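Visitor: Below you will find the structure I want to go over with you.
Please treat every number below as a calculation from the coordinates, not as lab data. Keep in mind that what you see is a predicted model, and the values were worked out from it rather than measured. Cβ sites come from the backbone with ideal geometry, for glycine too, and all protein chains shown count toward neighbours.
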Amino acid sequence: MAASTARPGRDDPRPAGVRRVARRCCACAAAASRTAWTNLETLGAGIDDSLYGFRVYPIAPLVEIMRGQTWMRRFDFDTEAVVRLAWRGITPINIAAPVKYLRADEGGVSHFRYGRDNALLTWMHLRLLLGFALRLPLLAARRLARRPPFGVT
């Protein structure tokens, strides 16, 4: 079983200069940070961009996970879902997907709330790090044996 996780494709419509500046300013810290936390929490299970919320999930395991969680209902959903699915041995499949960021005058709307959503992400990573610490022996054994999500069975 696998979960499809997308990552921003290279056909981003923003001008190349804007992308370069944005990547240098933000992506180095933000993307590396979110990738680093997710890679640590899964021992590098192969999740490319944990905040890119265009995914296809296996429903039964996701419903099981969500029944056991009181969180995972807002901005923290995608990252926590993909990490917890990886903990269950579900391999992420990363597929490039085109991204178009609409300006406000084009009808673009952001539902990101800086304070609330960063607090949710911080709380989520604290919970996931505690869960990771408890699962570390199992994840390490899976990784060494190259069992899902780390390799082919």
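Visitor: Using the Karplus curve 6.51 cos²θ - 1.76 cosθ + 1.60 with θ = phi - 60°, what ³J(HN,Hα) values do you get for each residue of the range 101-113, in whole Hz, with x for Gly and Pro?
Guide: 9, 7, 6, 4, 6, 9, x, x, 9, 10, 9, 6, 10
Visitor: Still on this structure, please answer the following. Which order do Leu138, Leu51, Leu85 fall in if you start with the one that has the fewest other Cβ atoms within 10 Å? Numbers along the way, then the final one.
Guide: Details: Leu138 12, Leu51 16, Leu85 26.
Ascending Cβ contact count within 10 Å gives the list Leu138, Leu51, Leu85.
Visitor: Amide H to amide H under 5 Å from Ile95: which residues, 5+ apart in sequence or cross-chain, H placed 1.01 Å off N in plane?
Guide: Amide H to amide H, under 5 Å and 5 or more residues apart or across chains, Ile95 pairs with Thr5, Ala6, Arg7.
Visitor: I've got another one for you. Within a 10 angstrom radius of the beta carbon, how do Trp123, Trp87, Trp37 rank from fewest other beta carbons to most?
Guide: Numbers: Trp123 12, Trp87 22, Trp37 19.
So the residues, fewest neighbours to most, are Trp123, Trp37, Trp87.
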